[in-house]
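One structure is given here, and the rest of the page talks about it.
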Amino acid sequence: MNQRIKFFLASLAVLLIGASCQRQDQPVGANDPGKVVIKLSLPEDMQALRASANSSSAKGGITNVDMSQYDIRYKLAVYNANNDLVIAPMIKTVDSYEEITYELRLTPNRQYKFVVWADFVQQGQTADLHYNTSDFLNITCLDAPNKQLNDETRDAYWIAKDINVGTTAINETLVLRRPFSKIRVVATDWGLIPADKPDYFSMKYYGTDCKRFNSMNLLTGVSTGTPLTAKTDAGIVTYEVNIDKDNKDYTLGYDSDEHNRTMVVDYLMTDKSEQTPLHVVFTAKKGGATGQEISSYDFTVNVPIQRNYLTTLMGNLLTTATRIKVVIEENFVEEYNNHQSWFAPQGVTAQEPRITTSVVAGTTIKTYHITNREELMWVADHPSELGANKVFKLESDIDMNGIDWFPIGPRNGNYGGPCGTFDGNGHTLRNFSVQKFLYKTGGFFTREQQTGVFGVWYGDVKNLTFENITINGLEGVKVEPGKTHSESAYFAGCIGYFCGNLENVHAKNVFIKGANSWLKTQNVGGLVGYTNPATPFEFKDCSVEHITIQAKGTQIGGMVGSLHKDHTLTRCSANYVSLRVNGSSTTDIAGLVGDIVDATGVKFDKCKVDNIEFLKYDGTKNVDYAPTDPLYGKSRSGVPTIVR
C-alpha cells in the first residue's frame with residue numbers, strides 16, 4: 001500500500017468518525033462490524049485524588065496543575081500489524097481528569113495497534129507545549145534543562161495496545177500510564193535555621209552506568225539515550241529552579257509537617273526495564289544561582305528510578321544530610337510515613353589496613369593507614385586493636401553513604417583504657433548514619449549509650465572533619481512489627497564519650513535525634529557528647545557548623561553536651577546551631593557547651609558562637625530561655641574563666 005492511499009484511508013476514517021458521532025445512542029453489537037469504541041482514562045489515583053480541591057502531589061500521583069490555564073490533550077493514532085500508520089493522530093482536549101471516548105471504524109478481521117499520548121497544553125490550544133509529538137516513533141522534550149524542574153505540567157501519559165478487530169464491534173477501555181519516572185526531593189529540616197532558607201536548587205545527573213533518556217518510540221515503548229558523563233566533566237548538565245522560599249507549593253502529605261518541604265520535582269523519561277540507576281548531586285543556595293551555598297549532597301549510591309513510579313529522596317538536606325530515604329512507588333501513589341530506607345545497608349567486607357611501625361624516643365608506635373571505608377570498618381570491628389602507642393591515620397576522605405554504622409570504640413562494657421591517636425591528616429569522614437550503641441546499662445535507668453562515629457575514644461583526635469552525620473535515638477519507637485527499640489541518645493555526638501585532646505577537628509551538618517524521654521537523652525553534643533576529666537585537656541581550633549539536635553533531654557550543646565573540669569577551649573566556635581529541647585525548664589543547653597559538671601580549671605579562650613536557635617520541643621521558639629552565657633548553658637559547680 002503506497003503512502004498516498006494510506007493518507008486517503010486516514011482522511012476517510014476521520015470523516016467516518018464524524019458520522020459515527022450521530023449514532024452514539026445505538027448499542028455496540030454484532031450489527032456494527034469494524035466499529036471500535038475506545039474509552040481512555042488516566043490512572044485511578046489521578047481520577048480519585050484530583051477530586052480534592054486542595055490536592056497536592058506531596059501525597060501521591062496527583063499534580064498541582066492549574067486547570068484554568070491548561071487542558072489535557074489526547075492524541076490517538078492507529079497502526080496496522082506492519083506498524084504502518086492507518087489513522088493519523090486524532091486530538092481531543094478536556095479541561096479536567098475525565099474519561100473520554102473515541103469512535104472509529106476499521107476493516108474487520110485485522111489486528112491493529114492503538115497508540116495514545118496524553119499531555120498538558122495551554123488552555124484552549126492544541127499545540128505541543130513540552131513535548132514534540134509530531135512523530136510517535138520519536139517523542140522528545142522541548143524544554144531546556146534549566147526549564148524542567150518544578151513544572152508539573154510536564155507530566156504525560158501513554159499506552160500502546162494491540163486489538164484484534166473481528167466481525168463484532170469492539171468496546172475497549174484503555175488506562176494510560178506514565179512513560180516517566182517522577183523524582184522529587186523533600187527536605188525534613190526546612191526552616192530549622194530560618195536565616196538559611198534557600199531559594200535556588202539544582203540537580204545534576206551523572207554516571208557512565210546511567211543514561212539520560214532523550215526520546216521514546218510510542219509503538220514499542222523503547223526509550224533511547226546516551227550515557228551520562230562523570231560528575232567532574234565540564235559538560236555535565238545542570239537542572240535548576242528558583243522557588244518562593246516563604247510559601248510552600250504543597251501543603252498535604254509530607255509537606256503538612258512544619259519542617260518538611262518538597263523542593264524539587266522532575267520527570268525523567270525512563271527505559272522499559274524494571275529499574276534504571278541514577279546518580280544525583282543536589283545543591284541548595286540562597287540568593288539565586290550565584291548566591292551562598294547552603295548545602296550540597298551527592299547521592300553516590302544508585303538512586304532507583306522506574307517508569308510510572310515515584311521516587312522520593314527525603315531527609316535533612318539543608319542542615320544535615322541525615323539518613324536519606326528514597327521511596328519508589330507504583331502509579332506515583334505514596335502514603336506519608338510508609339517508607340523504607342532508600343538503600344538496603346550495603347554489605348561491606350572489612351579489610352585490614354596497612355600497618356607500619358616506627359620508634360619514637362624509644363617507644364614503638366604502630367600506625368594503621370586507613371584509605372577506604374572497608375578499612376575504617378575493620379577498625380570499628382576490631383576494638384582489641386585499640387590501645388596506647390597506636391596511631392590511626394586517614395590517607396583519604398571516606399564516604400560511608402549506605403552503611404549502617406557501628407561506633408568505633410571498646411565494646412562489651414570495657415569502659416576507659418587508651419585507644420590511641422586518631423589523625424585525620426586533613427581528611428573528612430562523611431555521610432554516617434548511626435543508630436547503634438556500644439553499651440547497655442541496667443537498673444532503673446536502663447539505657448543503651450555511647451554512640452557516634454566514635455562511641456568511646458580515650459586518646460587524642462586531630463586534623464579531622466566530620467560531615468553529614470546522623471545519630472538516631474529510637475527509644476520506644478516501633479520500626480519492626482512487634483519490636484520496640486530501646487536505643488536513646490545518651491553520650492551522643494561525633495564522639496560520644498571522650499577523654500583526650502582535640503585539635504583542628506570540625507563537625508559540619510550534624511543531626512542528632514534523641515529519645516522521647518528526658519531520662520534517656522543526656523550528654524548530647526554536635527561534636528562531643530561527654531568529656532571525662534582524667535587529666536587537663538584542650539580543645540584547640542575546633543568548630544561546629546549547621547548542627548541540629550532534637551531531644552527531650554538535658555545537657556545539650558552545639559559542640560559539647562557535658563564538659564567536665566580541667567578543660568580549655570581555645571579558639572573554638574559554633575555557628576548555625578538549632579537546639580530543639582523540651583521546653584523552658586531546661587537550663588543546660590547552649591550553642592557551644594550545654595552543661596559544665598565542674599568549672600574547676602575550665603577556660604574559654606577567644607571562643608565564639610553565632611546564629612544559635614533555641615526551640616521548644618513542639619518546634620516553636622523558646623523566647624523565655626537564655627543560657628547563663630552565650631558559650632555555655634549552666635555550670636553545676638563554680639564559674640568558668642572566659643577570655644573574650
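The values are calculated or read from the model by the stated rules, or taken from the named source; none is laboratory data. Note that this is a predicted model, so its numbers are computed, not measured. Methodologically, a virtual Cβ is constructed for each residue, glycine included, from the backbone with ideal geometry; neighbour enumeration extends over all protein chains shown.
For the range 423-521, which fully contained strands (runs of 3 or more DSSP E) count at least 2 residues that are modelled with pLDDT of 80 or more and assigned by TED's automatic domain parsing to the domain that holds Met559?
Once the strands (runs of 3 or more DSSP E) in the range 423-521 are filtered for at least 2 residues that are modelled with pLDDT of 80 or more and assigned by TED's automatic domain parsing to the domain that holds Met559, what remains is 454-458, 461-472, 490-492, 495-499, 502-513.
Listed residues Asp605, Asp629, Asp595; which is under 16 Å from Ile549 (Cβ atoms) and of a type in the set (Asp, Glu)?
Asp595
For the condition touching a strand residue (DSSP E or B) at 6+ places or on another chain (Cβ under 7 Å), among the β-branched types (Val, Ile, Thr) and surrounded by fewer than 24 Cβ atoms within 10 Å (Cβ to Cβ), what is the one hit in Thr620, Thr587, Thr554?
Residue meeting the stated conditions: Thr587.
Can you name the condition, by its number, that Asp196 falls short on among (1) more than 28 Å from Met67 (Cβ to Cβ); (2) charged (D, E, K, R); (3) at pLDDT 85 or above?
(3)
Okay, residues lined up against (1) modelled with pLDDT of 50 or more; (2) within 17 Å of the chain's Cα centre (by Cα); (3) under 18 Å from Asn425 (Cα atoms):
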position: Glu335; (1), (2), (3): no, yes, no
position: Asn338; (1), (2), (3): no, yes, no
position: Phe343; (1), (2), (3): no, yes, no
position: Ala350; (1), (2), (3): yes, no, no
position: Thr364; (1), (2), (3): yes, no, no
position: Asn372; (1), (2), (3): yes, no, yes
position: Ala380; (1), (2), (3): yes, no, no
position: Ser384; (1), (2), (3): yes, no, no
position: Ala388; (1), (2), (3): yes, no, no
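Do you know which residues across the range 600-625 are at pLDDT 95 or above and either of a type in the set (A, V, I, L, M, F, W, C) or within 15 Å of Leu192 (Cα to Cα) (or both)?
Hits for the range 600-625 are Val602, Phe604, Cys607, Val609.
Do the conditions hold for Ile163, that is, is it modelled with pLDDT of 85 or more, touching a Phe, Trp or Tyr at 6+ places or on another chain (Cβ under 6 Å) and not polar (S, T, N, Q)?
The answer is yes for Ile163.
One residue is enough: does the range 526-549 have a residue meeting the conditions modelled with pLDDT under 80 and in a strand (DSSP E or B)?
The answer is no; no qualifying residue exists.
Failed condition for Ser181, given (1) buried (at least 20 other Cβ atoms within 10 Å of the Cβ); (2) assigned to a loop (DSSP other than H, G, I, E, B), with all others met?
Condition not satisfied by Ser181: (2).
With (1) closer than 16 Å to Lys462 by Cβ; (2) without any contact (Cβ under 8 Å) to a residue 24 or more places away in the chain; (3) of a type in the set (S, T, N, Q) as the list, and Thr428 as the residue in question, which single condition is left unmet?
(2)
Is it the case that Asn150 is surrounded by fewer than 19 Cβ atoms within 10 Å (Cβ to Cβ), at positive phi and assigned to a loop (DSSP other than H, G, I, E, B)?
Against the criterion (surrounded by fewer than 19 Cβ atoms within 10 Å (Cβ to Cβ), at positive phi and assigned to a loop (DSSP other than H, G, I, E, B)), Asn150 does not qualify.
What tally of residues in the range 192-234 results from selecting those that are of a type in the set (Gly, Ala, Ser) and either within 27 Å of Asp135 (Cβ to Cβ) or buried (at least 20 other Cβ atoms within 10 Å of the Cβ) (or both)?
The qualifying residues number 4.
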